[in-house]
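Input: a single structure, listed below in C-alpha cells.
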Amino acid sequence: MKNYLTASISASAVRHNVAALRGLIGPDVKLCPVVKDDCYGHGMEVLYPVLAELVDGLAVASPTEALALRQRGYDGFILCFLSAYFDDYDIQDELVRQGITQTVMSKSALASVQAAAERTGATAPVHLKVDTGMGRLGVPARQATDMVATIQETPGVELTGIYTHFATAGETDKTAALEQLKLFKTVWPVGGGVTHHAANSAAIIDLPETHFEMVRPGLAVYGCHPSDHLRNQIELKPCMSVMAKLIAVKHVPKGSRSGYGLTHEYARDSRVGIVPIGYGDGYFRNLSNKAVVRINGQDAPVCGRVSMDQMTVDITDIPDALVGGEVEIISSDPVAPNSVENLARLAETIPYEITCHLGHNMRHVLVD
C-alpha cells in the first residue's frame, strides 16, 4: 500500500446506487451484490459496513473471500462462485461450518462438498451453476436436470439455488441473452425452496424478466454503467475518486522529450510535474500521451510513457501547481475526462479493469 495514493469512497453514492437498483427490481427480489476482487478494487475494508446494512446477501469469487466476510462478522447469505474443490480440507470444512453457499458445477465438486459435510456433521447449502451459453464455468444445460437430481439425492448437501450468467446482457441485441434465458428456464428443478438468479447489472437494468427471486449486480453498485446505451435508464453515481500528490516540478525547454522511448516532445518551454503513480499501481501504460489528470480543477495531460511507479504531466498552464499539491487521478464526476468510464475508453478496455487494477496499491478511505 502507498499512503500517498488515496482512493476516497463515497458511502452516499453507494447508497444511492443500491436504492436505484432496488427501484428496478421491486421489494420481493433479493439484492446480492458481487464484492469479489476487493469490491472491484473499491476496498472491502471501507465498503463492508456500508453494504452489509443495505443488501440481502453478498457474492464472492473464492472460498478465501467468503471466509473473510464471516471474519468481519457478516452472518448473512454468502454465495461463493467456486467450491473449495482444490482447497485444503480445513477450508472445505470451514465453508460448511460457516454456512457459506458454494457453487457446484460437477460431480467431483459435489463429492468434495459432501465429504466436508460428513466431516463436519453439518448440512452444506449449494447452488448449481448452469452454462446456458456463456461457454465458461457451469454444468452444460443438457446435463443440468440430471445434476439437479444427483444433488437432491446426495446426503448432507442441500440444493438451495440454481443460476446462470449472461454473456451479452449489456448489448443492444438481446437475442443471445433471451436464448440463454429460455434455456435456463427449461432446467429449473421442480418444487419450491430453490432460488433462481441470473441478472447481472445490465440485465437488472434492461431485462426485467430475468429478475426472478434474486439479482447479482456488480459494477453498477459502485456507480459505473455496464454499457453506454444503458446510461439513460438508471442514474448511477461513481463512488470512487483517486488522489495523488506532485512529488517534483521542473522546467524544460522547447524541444525536450520525456519518458521511456522519448515519445513526447514539448512544443514550447514547459513546466512539468512528476506524479507517483504508474502501471505498477494499476494505472494503464496505454494511457500514455492520452489521458489527463486534474490539478486545481484544470486538466494536466499525461506526457510520455507511463512508468512503473511514476508519470509526467504538463502543468505549464497551471501556475499554482506546486510540489505537494493534490493531483486527481480519477474523478467521481462521470463526465470528467479522467472518470473511470472515460479512462476505460482511452485504454480501450472496460471500467471493471480500470477499478480492479487501481485498487490494490492504495489506501481507501470512506467519505460522506
Report task. Kindly establish whether Asn232 is at pLDDT 95 or above and either part of a helix (DSSP H, G or I) or not basic (Lys, Arg) (or both). Result -> no
Query raised in the report: What about Val323, is it more than 21 Å from Gly41 (Cα to Cα), assigned by TED's automatic domain parsing to the domain that holds Thr355 and surrounded by 14 or more Cβ atoms within 10 Å (Cβ to Cβ)?
Result: no
Report task. Answer yes or no: is there a residue in segment 138-156 that is within 13 Å of Thr103 (Cα to Cα) and in a loop (DSSP other than H, G, I, E, B). Result -> yes
Report summary line: Per the filter on segment 280-316, residues acidic (Asp, Glu) and either free of Cβ contacts under 8 Å to residues at least 12 places away in the same chain or farther than 20 Å from Asn342 by Cβ (or both) are Asp309
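Of everything in segment 314-335 that's part of a loop (DSSP other than H, G, I, E, B) and within 21 Å of the chain's Cα centre (by Cα), which residue is nearest to Asp368 (Cα to Cα)?
So, considering only residues that are part of a loop (DSSP other than H, G, I, E, B) and within 21 Å of the chain's Cα centre (by Cα), the one nearest to Asp368 (Cα to Cα) is Ser332.
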Report task. Quick one: in segment 92-134, of everything that is assigned to a loop (DSSP other than H, G, I, E, B) and in contact with a Ser or Thr (Cβ under 8 Å, 6 or more places away or on another chain), which residue is surrounded by the most Cβ atoms within 10 Å (Cβ to Cβ)? Result -> Thr132
Query raised in the report: Looking only at residues in segment 243-298 that are among the charged types (D, E, K, R) and part of a loop (DSSP other than H, G, I, E, B), which one is surrounded by the most Cβ atoms within 10 Å (Cβ to Cβ)?
Result: Lys290
Query raised in the report: Could you give every pair whose Cβ atoms fall below 6 Å, whose first residue belongs to segment 138-149 and is farther than 19 Å from Cys80 by Cα, and whose second residue is among the polar types (S, T, N, Q) and modelled with pLDDT of 95 or more, counting only separations of at least 6 or pairs across chains?
Result: Ala141/Thr132
Report summary line: Contact list, first residue from segment 45-69 and under 10 Å from Cys80 (Cβ atoms), second anywhere and surrounded by 20 or more Cβ atoms within 10 Å (Cβ to Cβ) and of a type in the set (Gly, Ala, Ser), beta-carbon distance below 7 Å, six or more apart or interchain, is Val60/Ala66; Pro63/Ala84
Query raised in the report: Do you know which residues across segment 256-305 are under 18 Å from Ala321 (Cα atoms) and β-branched (Val, Ile, Thr)?
Result: Val272, Ile274, Val275, Ile277, Val292, Val293, Ile295, Val302
Query - Extreme residue, surrounded by the fewest Cβ atoms within 10 Å (Cβ to Cβ), among residues of segment 51-63 that are within 23 Å of Pro351 (Cα to Cα) and touching a Lys or Arg at 6+ places or on another chain (Cβ under 7 Å) - result: Ala61
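The values are calculated or read from the model by the stated rules, or taken from the named source; none is laboratory data. Predicted model, so just to flag it, every value in this text is computed and none were measured. Heads up, the Cβs are rebuilt from the backbone with ideal geometry, glycines too, and the neighbour counts pull from every protein chain shown.
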